Each structure stands twice: as structure tokens, then as C-alpha cells.
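Following: one structure in C-alpha cells, then a few remarks.
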Amino acid sequence: KRSELFEKLSAVPNVVAITGDIHAFFAGTPSVDGDSSKKIVEIVGSSISSTTYKSLLKSQVASDPLLSTVPGAASLAGGIDSLLTSKDTKINPLLGYANSGANGYVTVEASGAELVATMHILPELTTKTDYTSKVADLAKLVSTEKFRAIPTDSELYKQIDGAWKKWDPTTLAYV
């Protein structure tokens, strides 16, 4: 069903999926199985205050009677982003960005010329802090990553040092 959905979506020009509720930031170009030319751009936003995906995985491993005894399971959970974007295993070459250990939100600016999604990233806050009178302190914690999609081009672009670089799933790098 997944491939069938991407088959239909990739036939429609200018599709960008903006999703969330997985408690992680991701960006990529999901495609039809076996045909990476039939793809869309996808931007996934994290949660602003919920536990992150990475923390949930680590907690699951630690609390599971069987998983907690598997050698390396805790390391895998802690290194999930590296696993998902590994140039060695190429487990998901269509995934151009992964940050499952941070909170935050995404803002989107769209025009006829482009769609720019800015990920506003906060380190996972494990303690609750009231920043009402500490806005400057909170602002210091925020970093950003910018991604772009342009009409008639189902490619993912990331802003790196002020320039837009395209995700290349062959080299697993922005070029």
C-alpha cells in the first residue's frame, strides 16, 4: 500500500508532505519501492514538549526484559540517527536528515517559487523550566535547519552555509 500511495502522489506535481507526531525531525524523499524516481519531498517535525523518539526507544530497550539483555540494543537505540543515515549500511538512502533526540517545531513559508521549511530545534529538555521571563535564555537554545522544495522538482534541498544543496541518495550527501 505504501508504494501504491507514493506511485499516485509522485504523479501529482509539487507534492510536499509535512508531517509529525513521531517526536523526531526527519527530511527526505520517500519513493515507490524499487523506483526512487517516483518520489515526493517529506518534512517531519518533532514535538515541542513530549519525550523524543530517541528517548522513547532508549526507555523501551531499558524497560523490556528481553531487549535489555540483548548486547548492543541500548547502543542502537541511542545511535538511531546514525543508523538511519549511515553511509556504510545505506539503510535509508532517501533520508536526508534525522534528528530524533530534539524537541521543537517547523515553520513553513510557501510561494509559487518555493516551499521553505525551517526546523526550530531545541535540545531535549528533561526538566520543566518556565521561560516566561527568560525569553533570551530560551532563544539561545534554539538552532535551525532549513529545507526547500521547488516546483516541478521532487528533490530535497538543505541550506548549508547560505547555499541550497540538493540531497543525493547515491552519495548520501548534499551536493
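Whole-Å semi-axes of the range 92-139's equivalent ellipsoid, largest first, each the root of 5 times a Cα gyration tensor eigenvalue?
Whole-Å semi-axes of the equivalent ellipsoid: 27, 18, 6.
Provide the FRET efficiency to the nearest 0.05 for the SER37-SER82 pair, computing r from the beta carbons and using R0 = 22 Å.
0.20
Rounded to whole Å, give me the distance from the Cα center of the range 1-49 to that of the range 101-161.
Centre-to-centre (Cα) distance: 18 Å.
Over the alpha carbons of the range 80-175, what is the largest minus smallest coordinate on each principal axis, giving the biggest first in Å?
46, 37, 19
At what distance in nm do the modelled label points of LEU141 and GLN60 sit from each other, each positioned 7 Å from its Cα along Cα→Cβ?
Placing both labels 7 Å along Cα→Cβ, they lie 2.6 nm apart.
Could you look at the range 119-175 and say what percent of its accessible area is carbon and sulfur, using a 1.4 Å probe and all protein chains?
53
Using 0.36 nm per residue, how much length does the chain from THR132 to ASP153 gain when fully extended, once their Cα-Cα distance is taken away?
Extra length available between THR132 and ASP153 comes to 3.4 nm.
Once a ≥ b ≥ c are taken as the square roots of the eigenvalues of the Cα gyration tensor of the range 25-94, is the result rounded (a/c under 1.5), prolate (a/b larger than b/c) or oblate (a/b not larger than b/c)?
Note, shape of the range 25-94 comes out oblate.
Quick check: residue separation of ALA163 and LEU5 times 0.36 nm, minus the Cα distance between them. What number comes out in nm?
Computed gain between ALA163 and LEU5 is 53.6 nm.
Through the Karplus equation 6.51 cos²θ - 1.76 cosθ + 1.60, θ set to phi - 60°, convert the phi angles of the range 8-18 into ³J(HN,Hα) values in whole Hz; use x for Gly and Pro.
5, 5, 5, 7, 9, x, 6, 7, 10, 8, 10
Could you tell me the calculated FRET efficiency between VAL108 and THR69, based on Cβ-Cβ distance and R0 = 30 angstrom, to the nearest 0.05?
So the FRET efficiency works out to roughly 0.10.
Once Cα Rg over 2.2 N^0.38 Å is worked out from the coordinates, which option in (1) 2.57; (2) 1.12; (3) 1.18 does it equal?
(2)
Please list 3J(HN,Hα) in residue order for the range 106-122, calculated via the Karplus relation 6.51 cos²θ - 1.76 cosθ + 1.60 where θ = phi - 60°; whole Hz, with x for glycine and proline.
10, 10, 10, 10, 10, 9, x, 9, 6, 10, 10, 10, 10, 8, 9, 10, 10
How much area per residue is accessible in the chain when the probe is 1.4 Å and only protein heavy atoms are counted (Å²)?
Roughly 57 Å² per residue, with all protein chains present.
Can you give me the long-range amide H partners of ASN103? Hydrogens built in the peptide plane at 1.01 Å from N, cutoff under 5 Å, separation of 5 or more residues or another chain.
HN-HN under 5 Å from ASN103: LEU122, GLU124, LEU125.
For the range 83-93, just list the computed ³J(HN,Hα) in residue order, Karplus coefficients 6.51, -1.76 and 1.60, θ = phi - 60°, integers in Hz, with x standing in for Gly and Pro.
Along the range 83-93, the couplings run 5, 5, 10, 4, 6, 7, 7, 6, 5, 8, x Hz.
The values are calculated or read from the model by the stated rules, or taken from the named source; none is laboratory data. Every value quoted in this text rests on a predicted model; they were computed, and no experiment measured them. Note: ideal-geometry Cβ built from the backbone for every residue, glycine included; neighbour counts use all protein chains shown. Remember, those area values only see protein heavy atoms, side chains included, never the ligands or the DNA or RNA. Shrake-Rupley method; radii C 1.70, N 1.55, O 1.52, S 1.80 Å.
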